[in-house]
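The values are calculated or read from the model by the stated rules, or taken from the named source; none is laboratory data. Here the structure is a predicted model, which means the values were calculated and not measured. Here the Cβ positions follow ideal geometry from the backbone for every residue, glycine too, while neighbour counts run over all protein chains shown.
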Amino acid sequence: MGADRRRRRAAGSGRQGGERLRVRVVSPGYESWNVQFPKDIREAGARYLVDGVRSAGRGGFYRAYGEIRRLL
């Protein structure tokens with residue numbers, strides 16, 4: 001598995017991106033890509049901690065893996 005495909009714990013933040021609510025990784029060492037994240041738990045301004053993110057096979061975004069926790 002290449003370095004860009006490893007799972008690493010990461011924090012993300014919900015933000016408004018046009019009409020859609022997007023999540024981006026805010027932990028250091030990541031590209032400024034969006035994260036594929038369950039729509040039903042996204043909240044603007046909320047911060048989340050996930051067990052891992054990996055770049056998608058086609059690139060350009062990450063996928064969240066494992067447990068997703070909302071930070072207070």
| query | Within the range 44-53, which residues are buried (at least 16 other Cβ atoms within 10 Å of the Cβ) and either in contact (Cβ under 8 Å) with a residue 40 or more places away in the chain or more than 10 Å from the chain's Cα centre (by Cα) (or both)? | reply | ALA46, VAL50, VAL53
| remark: Matching residues in the range 44-53 (hydrophobic (A, V, I, L, M, F, W, C) and part of a strand (DSSP E or B)) number 3
| remark: Checked pairs for the range 54-72, first in a loop (DSSP other than H, G, I, E, B) and modelled with pLDDT under 90, second of a type outside the set (Phe, Trp, Tyr) and surrounded by 10 or more Cβ atoms within 10 Å (Cβ to Cβ), C-beta under 9 Å and 6 or more apart or across chains, list as GLY57/ARG5; GLY59/ASP4; LEU72/ARG47
